[in-house]
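Notes follow once the structure below has been shown.
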Amino acid sequence: MQLFNDMLLRYTRPKNLFPFIVLVTVLQSFSTAQSLDSLIEEALLNNPQLKAMQFKIKASEFRAESINNYPAPNASLEFSQVPILNPIFPTQALSINLGFSQMFPLGDKLGAMTEVERRNTKIEGKNFDEYKVNLIGRIKMSYYTLWLIDRKIEVQKKSNKLLSDLMKSMETTLSVNRINQVDLLTIQSEIATNETQVLILEKQKDSENYRLNGLLGRNLDGSMILIPEEVSDIKLTASQVQLEKLLSDLNPTLKKMDNMIEMNRAMIDANERELIPDLMLQGMFMVMPQGMILTSQSDLGMLDSKVEFMYSLMVSINLPFAPWSINKYKAKSQELAAGISSIAFEKSNMQREMGVKLREASVKFSTASELLKLYDKKIIPLTRQTTESQISAYQNNKSTITAVLDSYRMMLMVQMNYYMAMADTQMSLAEIEMMVGGKLTE
C-alpha cells in the first residue's frame, strides 16, 4: 500500500498525469470483476469448438455449390493400328481419332442433390445453435459456481472473524479466571477447522476457474476470473405451458431433427430422380493419313489414296429402370422412409424427456425462489438473534461454549444455504434456457 501511495504522489503531478491515467486503467483492467454478459460475448468470439462449427457450415455451403455442376467432360486422342516395325505413329497410324464426350444428368438431378446438401447445411447450423446454447448454459453454471464459492469463502472468513473477536474478549476475561482455558482452545480449534474449509474452497475455486477459462477459449493458466458480489434478482414470468411451447418451437436439437427429416425427404426425391436416364453425347474427329482402309472387297483403284477426314457422333443413355437394376433405387427410398419414421419417433421421445427435465428445472427454480424469501425474511434474522443471545448468555455464565459454537455453526449453515438458494435460482434458470433454446429474462 505504501508503494502504491508513493506512486500515486509521483504520477499525480501535472506533467505526469497521462502516465498516471494509463497506470490506473491497467490496474482497473486486472482488478475489475467481469460481468456474465461480457464473458459470454468473449466465449462466442474465442471458443475453438464454436469456430470449428462455423467452418463446418461454410464447408457445407461450398459443398452444395460444388454439387450443382455438370460432371467434367472427357477428351481423348487415339492413334489406331500403328505398325510395331515402323512405330512412327503420326504418319504410320491408320487412323488418328480425336474424341470428346459429355454426360448430362437429366430430370434436374443436380438440383435435387444440391437441395440435399442445403438441408445438410441447415443441420450444421442447428448443430452450431445447439452447441452455442449449451456453451452459454455451461458458462452460466460455471460463473455462478464461482460466485457461490466466493460467497462461501466470504462467510467462512466472516465467521472466523467473529470467532476471533469472541476469542479476544475471552482472553481478557481469562485473566480474571471467569472462563475456562478449555473454552479458549475449543474456539481456536473451530477457527482452524474453518480455515481448513477455506483452503478446500480455494482449491475448488481454482479448479472451476480452469473450467471456465477453457469454455472462454483462454489459456487454462490465465488470470483468476473475478465475479461481482451482487447478483440481480430474477423472475420467471412464463408459465409451464408457455415454456413447453417455447421448447417445441425454439429448441435447436428438436429443430435439427426436423431438418434431418427434411433432408431425408430431399434424399428420397434425389434417389427417385436417379430412375431418369442420363444422356451421354460423344463426338469424334478422325484423320486417316493413308486413306481408307482396304479390304478384299475394295476397288484396287483406291491404291493411290489420299488423306481422308471423317467424323462420328454417338448418343447414349443408361437404363436405371432395367428389371435387374430398379430394385436398388426402390430399396434406397424405403430405407430413407424408414429413417424418417425413426427420426420422428426419436424426436417425440426426446421432447418428452426434455419436458420432464424442464418441469424439474421449473420446480427447482420456484423452490429456490421461495427459500430465498424464507431465509431473508425469517430464518437468517432469527438465527442471528439466537447466536447473539447465546453469546450474551455465555458471557454471563448462563450457557456453554458448545452451545455458542453450535449457534455459530447454525448461522454459518443458514448463510451458506441462503447463498446456495440464490445460486440455484440462477442455475435452474440457465437449465431452463438451455432446454428452451433462448434467453428468458432481460
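The values are calculated or read from the model by the stated rules, or taken from the named source; none is laboratory data. The model shown is predicted, which means the values in this text are computed figures rather than measured ones. Reconstructed Cβ throughout: ideal geometry from the backbone, glycine too, with neighbour counts over all protein chains shown.
Do you know which residues across the stretch 37-71 are basic (Lys, Arg) and in contact (Cβ under 8 Å) with a residue 40 or more places away in the chain?
Scanning the stretch 37-71 gives LYS56, ARG63.
Taking the stretch 358-393 as the region of interest, how many residues are surrounded by 16 or more Cβ atoms within 10 Å (Cβ to Cβ) and small (Gly, Ala, Ser)?
4
Report, by residue number, each residue of the stretch 69-115 that is surrounded by fewer than 10 Cβ atoms within 10 Å (Cβ to Cβ) and in a loop (DSSP other than H, G, I, E, B).
ASN69, ALA72, ILE84, LEU85, ASN86, ILE88
Anything in the stretch 403-442 that is without any contact (Cβ under 8 Å) to a residue 24 or more places away in the chain, more than 30 Å from LEU382 (Cα to Cα) and of a type outside the set (Lys, Arg)? List them, or say none.
GLU442
I'd like the full set of residues that are touching a residue at least 40 places away in the same chain (Cβ under 8 Å), out of contact with any helix residue (DSSP H, G or I) (no Cβ under 8 Å at 6 or more places or on another chain) and hydrophobic (A, V, I, L, M, F, W, C), limited to the stretch 72-101.
ALA93, LEU94, LEU98, PHE100
Yes or no: GLN204 of a type in the set (S, T, N, Q) and either in a loop (DSSP other than H, G, I, E, B) or at pLDDT below 85 (or both)?
On the way: of a type in the set (S, T, N, Q): yes; either in a loop (DSSP other than H, G, I, E, B) or at pLDDT below 85 (or both): no.
Here the answer is no, as GLN204 does not meet what is asked.
Go through the stretch 272-286 and give me each residue that's in a strand (DSSP E or B) and surrounded by 16 or more Cβ atoms within 10 Å (Cβ to Cβ). Walk me through how you get there before you give the answer.
First pass over the stretch 272-286, keeping only residues in a strand (DSSP E or B): 279-286.
Scanning the stretch 272-286 gives GLN282, MET284, MET286.
Looking for whichever is modelled with pLDDT of 90 or more, of a type in the set (A, V, I, L, M) and within 48 Å of the chain's Cα centre (by Cα) here; the options are LEU358, LEU313. Which one fits?
On inspection, the qualifying residue turns out to be LEU358.
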